[in-house]
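Following: one structure in structure tokens, then a few remarks.
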Amino acid sequence: MSICIFTTGGTFDKVYFDAKSDYQIGEPMVGDILREAGVLEPCRVESILKKDSLELTDEDRALISRSVANAPEQRILIIHGTDTMPQTAEALRVVGGKTIVLTGAMSPARFRNSDATFNTGFAIGALQALPHGVYIAMNGRVFEAGKVRKNLQLGCFEAV
């Protein structure tokens, strides 16, 4: 069974241009990460948005939900910005019969010390082991949708 990976932008795919933090969302990095890691599981990558998660609207979340529901794959990974990842995970709970994992990065995948590579590998593994449902996989931890938040002070996700 293959995996579908939807990219939506966020810090994971950001490209910075100057010291004032001017950025754009670049091309998805997840394909390069999977190749470098030697992932053998077939993965289809599709970019559906290129936005910072703080700019996502209800219409964007509806697009993500439709894309997931219409994907033929049963296992879905969503690369998403961390600031509103819990809200999108909540919105995806209406999609049944699939295992959906959201992950992202606290620093861009293009940066040498990014957590993007680890989070991607961890999410791919979690996606293959978890039952149907919606989850967030970040920094070695898995959280169920509706039971997680981003702790801005600590820069990590935590259960609620």
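The values are calculated or read from the model by the stated rules, or taken from the named source; none is laboratory data. In this text, all values refer to a predicted model and were calculated from it rather than measured experimentally. Every residue, glycine among them, receives a Cβ derived from its backbone with ideal geometry; neighbour counts consider all protein chains shown.
Please verify whether residue 69 is among the hydrophobic types (A, V, I, L, M, F, W, C), surrounded by fewer than 16 Cβ atoms within 10 Å (Cβ to Cβ) and free of Cβ contacts under 8 Å to residues at least 60 places away in the same chain, treating the condition exactly as stated.
Yes; evaluated as a whole, the condition is true for this residue.
So in region 96-113, with the set limited to residues that are small (Gly, Ala, Ser) and buried (at least 19 other Cβ atoms within 10 Å of the Cβ), which one is modelled with the lowest pLDDT?
Per the criteria, the residue is 109.
Got at least one residue in region 131-145 being part of a loop (DSSP other than H, G, I, E, B), under 14 Å from residue 12 (Cα atoms) and in contact with a Pro (Cβ under 8 Å, 6 or more places away or on another chain)?
no
Are there any pairs, at least 6 apart or on different chains, whose C-beta atoms fall under 6 Å, with the first in region 88-104 and under 18 Å from residue 157 (Cα atoms) and in a loop (DSSP other than H, G, I, E, B) and the second of a type in the set (A, V, I, L, M, F, W, C) and modelled with pLDDT under 95, and if so, which?
Cβ pairs passing all conditions: 104/12.
Any chance you could count how many residues in region 1-57 are out of contact with any strand residue (DSSP E or B) (no Cβ under 6 Å at 6 or more places or on another chain), more than 20 Å from residue 73 (Cβ to Cβ), in a loop (DSSP other than H, G, I, E, B) and not polar (S, T, N, Q)?
So the answer is 11.
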